[in-house]
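The values are calculated or read from the model by the stated rules, or taken from the named source; none is laboratory data. Keep in mind that this is a model prediction, so the values were computed, not measured. Cβ coordinates were reconstructed from backbone atoms using ideal geometry, including for glycine residues, and neighbour counts include every protein chain displayed.
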């Protein structure tokens, strides 16, 4: 049995509002799956359904081939961070983890291990209520790792982290996936997902928009062109148009579509045109995400 998260026809209604609409997906082990979508798209609801915190209106979702409620040792199977503040503020970090550990037969040694892993060993005896958001995130991640589970889910784990913390969790998630674990992480920071995720699951208004590898997503939906600067821009423009290029002008440069940088360089050399810049450009994940989900934004600003 593989350590996957599988949803089939997963649907959730809250009264008249359809939060999750007939989702079919599989989150595979060995890679970080970025779970993306605008605010209100249904990401957190989907994660709650996976963990049995909400019951689906229709359809089904399983972890390791079973419903979460039927797992014999849930902390040893699934680790999850949904709310960094879901901790009694009067408990110390160590006591919070120890209380969780004792419910699953996990010893104190493992508590010390995960505190060290997330960088909280020096504040293990501080009350969680005194923690910053970033420290609370680290404590939540420690709780998710407590049972050394093969399946991990993180909802917005970089909120409140400083640059060092963001870099740390990026490496942690990729290391966990490299160990063969299943890692599902939601985030609104597209620049981080571009550096962290191997696969993307994109939803909007509760429906799947894309379920594909990161590189495939950018190739299929992104805009690629070659940025060209040259002294004889007018002459180069005529040469490129004769070759079938689609051009966009940008002050002292051209955005060239339909031709590669190599093809452009050969054409310019054939006409004796000196190039000042020849740079292939691919749209960022943020650009592609915004364009793809524009019609799915529930809470937006109109100009």
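Quick look at the values:
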| item | result |
| --- | --- |
| All positions within the range 56-76 that are surrounded by fewer than 18 Cβ atoms within 10 Å (Cβ to Cβ), over 19 Å from residue 35 (Cβ atoms) and touching a residue at least 12 places away in the same chain (Cβ under 8 Å) | 57, 58, 65, 67, 69, 73, 76 |
| Failed item in (1) touching a helix residue (DSSP H, G or I) at 6+ places or on another chain (Cβ under 9 Å); (2) surrounded by 15 or more Cβ atoms within 10 Å (Cβ to Cβ); (3) farther than 14 Å from residue 284 by Cβ, with residue 217 passing the rest | (3) |
| Filter result for residue 184 (outside the structural domain of residue 260 (by TED's automatic domain parsing), out of contact with any strand residue (DSSP E or B) (no Cβ under 9 Å at 6 or more places or on another chain), surrounded by 15 or more Cβ atoms within 10 Å (Cβ to Cβ) and in contact (Cβ under 8 Å) with a residue 12 or more places away in the chain) | no |
| Subset of the range 283-292 (residues that are exposed (fewer than 14 other Cβ atoms within 10 Å of the Cβ) and touching a strand residue (DSSP E or B) at 6+ places or on another chain (Cβ under 9 Å)) | none |
| All strands (runs of 3 or more DSSP E) inside the range 1-84 with 2 or more residues being within 22 Å of residue 158 (Cβ to Cβ) | 31-36, 78-81 |
| Residue selected from the range 277-303 under the condition outside any helix (DSSP H, G or I) and in contact with a helix residue (DSSP H, G or I) (Cβ under 8 Å, 6 or more places away or on another chain), by the criterion modelled with the lowest pLDDT | 283 |
| Residue in the range 189-204 that is assigned by TED's automatic domain parsing to the domain that holds residue 85, more than 30 Å from residue 18 (Cα to Cα), part of a loop (DSSP other than H, G, I, E, B) and touching a residue at least 12 places away in the same chain (Cβ under 8 Å) present | no |
| Residue list for the range 178-190, restricted to those being farther than 22 Å from residue 83 by Cβ and within 13 Å of the chain's Cα centre (by Cα) | 190 |
| Pair list, Cβ under 6 Å, 6 or more apart: the range 10-22 residue more than 19 Å from residue 63 (Cα to Cα), other residue at pLDDT below 95 and part of a strand (DSSP E or B) | 21/207 |
| Identity of the residue in the range 85-111, part of a helix (DSSP H, G or I) and free of Cβ contacts under 8 Å to residues at least 12 places away in the same chain, that ends up farthest from residue 138 (Cα to Cα) | 102 |
| Residue in the range 36-50 that is under 25 Å from residue 178 (Cα atoms), crowded, with 17+ Cβ neighbours inside 10 Å and over 15 Å from the mean Cα position of the chain (by Cα) present | yes |
| Qualifying residue in the range 228-241 (condition: touching a strand residue (DSSP E or B) at 6+ places or on another chain (Cβ under 6 Å), surrounded by fewer than 17 Cβ atoms within 10 Å (Cβ to Cβ), in the same structural domain as residue 269 (by TED's automatic domain parsing) and touching a residue at least 24 places away in the same chain (Cβ under 8 Å)) | yes |
